[in-house]
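Visitor: What follows is a structure written as structure tokens; I'll ask about it next.
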């Protein structure tokens, strides 16, 4: 696979762009994340390496750096979960290869965290599948997904809940955020076992149907989709990670046990197709029972 300069993901280098919520470590190297897509019918590689080709603009010469030889882990599989939402015409964005979540790195306390690596945001479309809202974009109730019920994606124990935080008004992003924890707004962390934690962020305040320490079963209602925290409009930010912290953990890959693909956002409706144990493409419009 060849990646040309316009398609390179974001490169982390010193000085890191500051943020108002926490201090980054000083880093002495360049960091970037790369995905190598391999077609399902292709033989899995036993060895992977890379070669970077730079242009030294001072000495006007090409510089080639090789390294990073590794053997891919072929025995791992993503965790299969139920959907945190139900109903028709859902669009899942910013996940995996096509979203900024995958490339977000946090350099804190001598560690590199990738808490958002496989996270998604979602929206719900109208029956015509051409709009996310009907009415004033500054009003939460205009959005078709607002206050939709959220469900437990697996059996688990409610690890933590943060509640009582104000919501933004539609796409206004008008609630001040003072701490890194407030970025998630009202959120719930569900311990689903085997060192895996499911995060539900940006929920409606005082909408949680469970409390910390509760045992829940897959499919139980647990809260309502909202617009609190670092949110550009009503949506669910969802991820699974290896720790209970929204950012300072490492995201884990996951797939949905079952969904029905109804359309492609770019090309329109298709013959409904049931898909098992997979994650949809970013342009897929899907439904859940």
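Visitor: Could you list the square roots of 5 times each eigenvalue of the Cα gyration tensor of the range 1-153, that is, the equivalent ellipsoid semi-axes, sorted largest first and rounded to whole Å?
Guide: 37, 23, 18
Visitor: Right, next: Per residue and in cubic angstrom, what volume does the convex hull of the Cα atoms of the range 84-192 have?
Guide: Looking at the range 84-192, the number lands at 142 Å³ per residue.
Visitor: So if I take the centroid of the Cα atoms in the range 138-188 and the same for the range 12-42, what is the distance between those two points in Å?
Guide: Centre-to-centre (Cα) distance: 27 Å.
Visitor: On alpha carbon coordinates alone, what is the Rg over Rh value for the range 40-106, Rh being the Kirkwood radius?
Guide: 1.14
Visitor: Something else now. Determine, for each peptide in 191-201, 68-78, the mean count of other beta carbons within 10 angstrom over its residues, then list the peptides with the highest first.
Guide: My ranking of the peptides, most packed first, is 191-201, 68-78.
Visitor: Hey, with R₀ at 35 Å, roughly what FRET efficiency would residue 41 and residue 10 work out to, going by the Cβ-Cβ distance, to 0.05?
Guide: 0.65
Visitor: What does the highest-first list of 250-263, 111-124 look like by mean Cβ count within 10 Å?
Guide: The densest-packed peptide leads the list: 111-124, 250-263.
Visitor: Oh, and also: What percentage of all Cα-Cα pairs in the range 1-68 are separated by more than 15 Å?
Guide: Value for the range 1-68: 70 percent of Cα pairs lie more than 15 Å apart.
Visitor: I'd like the antiparallel share, as a percent to the nearest 5, of DSSP beta bridges with both residues in the chain.
Guide: Antiparallel bridges: around 95 percent, rounded to the nearest 5.
Visitor: With equal scatterers on the alpha carbons only and no solvent term, can you work out the Debye log10 of I(q)/I(0) for the chain at 0.08, 0.09, 0.13 1/Å?
Guide: Treating every Cα as an identical point scatterer, log10 I(q)/I(0) equals -0.39, -0.49, -1.00.
Bear in mind that the values in this text are calculations on the coordinates, not laboratory data. Since this is a predicted model, take the numbers as computed values, not measurements. Ideal geometry is used to build each Cβ from the backbone, glycine not excepted, and the neighbour counts take in all protein chains shown.
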